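The values are calculated or read from the model by the stated rules, or taken from the named source; none is laboratory data. Given the structure is predicted, the values throughout are model-derived calculations rather than measurements. Heads up, the Cβs are rebuilt from the backbone with ideal geometry, glycines too, and the neighbour counts pull from every protein chain shown. Note: areas computed on protein heavy atoms with side chains; ligands, DNA, RNA excluded. Shrake-Rupley method; radii C 1.70, N 1.55, O 1.52, S 1.80 Å.
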Amino acid sequence: MSEPNSLYVKIKITKEKLDQFFHGKTPPQLPDDNWNAWWDTRKMYSKQALQNIPIYQGESNRHILDEFINDQDFACFEQYDAISQDWIFVSVFFSENYTEILPMLAFLKELAHYQDHDDKGTAIIYDFLWGDGSVMAYLEFSNQQATLKPYTKITEIAPTMLYIANQTLEKAVDSFNRKLEG
């Protein structure tokens with residue numbers, strides 16, 4: 001049985017632009033060269049061509065994110081640092097299915113358009129808890145774009161980036177456990 005991979009997102013974005021994104025909705029997206037190149041590197045059973053990229057349906061992007069945060073099954077954590085202008089979002093139990101992660105990838109690709117031109121960031125969907133070292137998706141934020149990288153193993157991720165992601169997810173696990181105990 002497959003176990004859910006974790007999601008780690010850390011991007012630099014002004015609070016005003018993050019709020020603009022949260023008030024909006026993610027528009028439909030069509031597969032482009034980046035989507036298709038990434039999809040072609042994914043190994044899965046009964047793989048279909050990437051013809052449709054589903055998006056989350058909700059009142060706003062904030063509403064969608066709040067649904068994740070309020071659903072204990074995902075064990076989510078969010079924070080914004082006003083000094084560094086870093087927005088961090090994690091989901092300890094995000095997804096085990098490539099089709100299910102497509103709306104989040106579309107959500108994050110849209111978020112990149114709200115960053116300033118020089119802002120950077122990273123998003124990773126990977127096997128944090130279960131230890132097989134796999135990467136479902138890796139997005140690099142730069143120049144107001146979120147580019148999917150073809151990484152399939154955590155050894156392809158910069159060690160410092162992986163360390164920070166792991167530490168952040170550990171804190172989310174600790175917080176989740178405290179809530180369950182409390």
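Counting only protein heavy atoms and a probe of 1.4 Å, the accessible surface of the chain is 49% carbon and sulfur.
Spin-label model, M44 to T14: label points 7 Å out along the Cα-to-beta-carbon direction sit 3.7 nm apart.
Rolling a 1.4 Å probe across the protein heavy atoms gives the chain an accessible surface of 54 Å² per residue.
Note on log10 I(q)/I(0) by the Debye sum over Cα atoms at q = 0.08, 0.14, 0.16 Å⁻¹: of the candidates (1) -0.23, -0.71, -0.93; (2) -0.27, -0.76, -0.95; (3) -0.23, -0.76, -1.02, the value calculated from this structure sits at (3).
Counting each DSSP H run of 4 or more residues in the chain as -39500 (n - 2.57), what helix-only mean residue ellipticity at 222 nm follows after dividing by all residues, to the nearest 500 deg cm²/dmol?
After summing the helix terms and dividing by residue count, I get -11500 deg cm²/dmol.
For a protection proxy built on the mean count of beta-carbon atoms within 10 angstrom, sort 109-120, 40-51 highest first, please. Kindly include the intermediate steps, with their values, before the conclusion.
Values: 109-120: 17.2, 40-51: 9.6.
Those peptides, ordered most packed to least, come out 109-120, 40-51.
In percent, how large is the relative contact order of the stretch 5-181, given Cα pairs closer than 8 Å and 6 or more residues apart? Show your work: numbers first, answer last.
On the way: 304 pairs, mean separation 52.5, N = 177.
Dividing the mean separation by the residue count of the stretch 5-181 yields 30 percent.
Give the separation of the Cα centroids, the stretch 33-69 to the stretch 148-182, in Å. So the separation of the two Cα centres works out to 21 Å.
Subtract the Cα-Cα distance of A37 and N177 from 0.36 nm times their separation in residues, and report this length gain in nm to one decimal. Walk me through the intermediate numbers first.
Values: separation 140, 0.36 × 140 = 50.40 nm, distance 3.81 nm.
Going from the current span to full extension adds 46.6 nm.
Ranked by the mean number of other Cβ atoms within 10 Å of their residues, highest first, the peptides 92-98, 135-141, 154-160 fall in the order 135-141, 92-98, 154-160. Using a cut-off of 20 Å between Cα atoms, the listed pairs K43/K153; K47/K109; K10/K149 include K47/K109 as exceeding that distance.
For the chain, with only Lys/Arg (+1) and Asp/Glu (-1) charged at the beta-carbon, what is the dipole magnitude about the Cα centre, in debye rounded to 20? Don't jump to the answer; show the numbers that get you there.
On the way: 16 positive and 27 negative charges, 50 e Å.
Using Cβ point charges on Lys, Arg, Asp and Glu, the chain gives about 240 debye.
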